Amino acid sequence: MLKRILVSSLVLLTACGDNSGQIAKSSGPQNVCSSRSSAEIGGPINLINQDGQPVTQEDFKGQYSIVFFGFTYCPDVCPFTLNRIHQALEELPDDVETPQTIMISIDPERDTPDLIKTYISNDGFPEDIVGLTGSEEDVAAAAKNFVAYYQRAEDTSSSAGYTMDHSTLIYLMDENWELKTFFTHESHPTDMASCMASFLPEKES
């Protein structure tokens, strides 16, 4: 049931064009916090991080993680979303653990580890963000496990000749790499922080 709801959501959240008018508004309170956990979403990944090192989901177990699929040439939705995640993390209570943020590139043709490393160094993004890329096959497998949609779209206005349409969901994974809840790119940072705080473990004293 949850997977059908998620797929339906993706239809409404695909595109990486000029959506500034659409994404500038707040979504208001999100009724997603306790009702969208699933062991079916967020399976294995075999990718490469921004330092060129291979990583799997095992490298992120033992802590909560925020996962977002995007790409470095994304003109607006991706930086907007990563900034919203950054704002949400800043609003978390001081006594809870901060989740690790992970951006998985859906444009491995252009997004080399070096390029991703430069991209994620943006001061407006989460401080500890990890960027992942990989082969076309490995990226496709990761996206499939997260029910994340993406598709190449020809774009003559781009120097590369194409852009990427993609879903823009934000996944909160627990310490076992299982989905606890998800947000949209329109979710307000305060709502995201409040929801995440209800799941996150307290910091060790």
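Starting from the Kirkwood radius over alpha-carbon pairs of segment 103-196, derive D by Stokes-Einstein at 25 °C in a medium of 0.890 mPa s and give it in µm² s⁻¹.
Details: Rh = 15.0 Å.
Using the Kirkwood radius from Cα pairs, D works out to 163 µm²/s.
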Subject >> Residue order, fewest to most beta carbons within 10 Å, for Tyr171, Tyr64 >> reply: Tyr64, Tyr171
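What Kirkwood hydrodynamic radius do you get for segment 48-136 when you take the inverse of the mean 1/r over all pairs of distinct Cα atoms, in Å?
Value: 13.4 Å, from the Cα pair sum.
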Original post:
With labels modelled as points extended 7 Å from the Cα through the Cβ direction, what inter-label distance (nm, one decimal) is found for Glu136 paired with Asn176?
Top reply: 3.7
**OP:** Would you mind ranking Glu91, Glu202 by Cβ crowding within 10 Å, fewest neighbours first?
**Re:** Glu202, Glu91
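Quick one: if the Förster radius is 35 Å, what FRET efficiency do Gln63 and Arg110 give, using the C-beta to C-beta distance and rounding to 0.05? The partial results should precede the final answer.
On the way: r = 30 Å, r/R0 = 0.85.
Computed FRET efficiency for Gln63 and Arg110 comes out at 0.75.
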**OP:** Determine, from the Cβ-Cβ distance of Phe199 and Asp51 and an R0 of 25 Å, the FRET efficiency 1/(1 + (r/R0)^6), rounded to the nearest 0.05.
**Re:** 0.30
Subject >> Pairwise label distance in nanometres, Ser159 with Asp76, each label 7 Å out on the Cα-Cβ vector >> reply: 2.1
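Add +1 for every Lys or Arg and -1 for every Asp or Glu among the other residues with Cβ under 13 Å from the Cβ of Ile170, and state the total.
Values: positive: Arg36, Arg84, Lys180; negative: Glu186, Asp191.
Computed value for this residue: +1.
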**OP:** For a footprinting-style exposure proxy, rank Thr118, Thr112, Thr72 by other Cβ within 10 Å, fewest first.
**Re:** Thr118, Thr112, Thr72
Subject >> Charge tally in the Cβ shell below 9 Å around Glu202, where Lys, Arg are +1 and Asp, Glu are -1, Glu202 excluded >> reply: -2
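Bear in mind these aren't lab numbers, they're just calculated from the coordinates by the rules spelled out. The structure presented is a predicted model; accordingly, all values stated were derived computationally and were not measured. Because the Cβ atoms are built from the backbone with ideal geometry, glycine has one as well, and the counts that use them run over all protein chains shown.
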